[in-house]
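What follows is one structure encoded as C-alpha cells, with my remarks underneath.
Please treat every number below as a calculation from the coordinates, not as lab data. Keep in mind that this is a model prediction, so the values were computed, not measured. Please note: Cβ atoms are built from the backbone with ideal geometry, for glycine as well, and neighbour counts cover all protein chains shown.
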Amino acid sequence: MGKASKGPRKGTRSMFRVTPRERGKTRITRVIQKFEAGEKAAIEIDSRVRGGQPHNTFNGKTGIILKAQGRSYLVQIRIGGKQKVVVAAPAHLRRMTHVGGTHA
C-alpha cells in the first residue's frame, strides 16, 4: 500500500467536483469580473482554473474585498476570532448581493 498524498489539494475530491451541468470551460465573465474595495464576496474555488486558487480551507467562506493585488484580490475573512487575508483570483470569487427587506 502506498503513502497518502500530502499535497495542497488532498481531501478535495468532493469539494472540487464540478456538477454535470457546470462541466466544461469556465465562463470568461467569471475570470475577468471586477470587484471594488469594500464589496462582499464568497470564496468558491473553481477547480477548472488552476491559477490564483486560495487554500481549500477557505472554500465557502465569505469576506470583504480589501484591494486588488495584480490580477487577484485580497479578501479579509474571519475564522474563529481571527481576521485573515486571503489572495484569490476573480475566478474563485462570487459577488454577494445584499438581500434585504421582509418576506412576503
Seminar exercise, completed: Note on G38: of the conditions (1) assigned to a strand (DSSP E or B); (2) small (G, A, S); (3) exposed (fewer than 11 other Cβ atoms within 10 Å of the Cβ), unmet is (1)
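Can you confirm whether R21 is more than 17 Å from the chain's Cα centre (by Cα) and not in a loop (DSSP other than H, G, I, E, B)?
Details: more than 17 Å from the chain's Cα centre (by Cα): yes; not in a loop (DSSP other than H, G, I, E, B): yes.
For R21, the condition - more than 17 Å from the chain's Cα centre (by Cα) and not in a loop (DSSP other than H, G, I, E, B) - is met.
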Problem set entry | Candidate set from segment 24-35 (those that are of a type in the set (V, I, T) and assigned to a loop (DSSP other than H, G, I, E, B)); member that is surrounded by the most Cβ atoms within 10 Å (Cβ to Cβ) | T26
Exercise. Which members of segment 42-76 meet the condition of being surrounded by fewer than 19 Cβ atoms within 10 Å (Cβ to Cβ) and assigned to a strand (DSSP E or B)?
Worked result: A42, T62, I64, L66, K67, A68, Q69, S72, L74, Q76
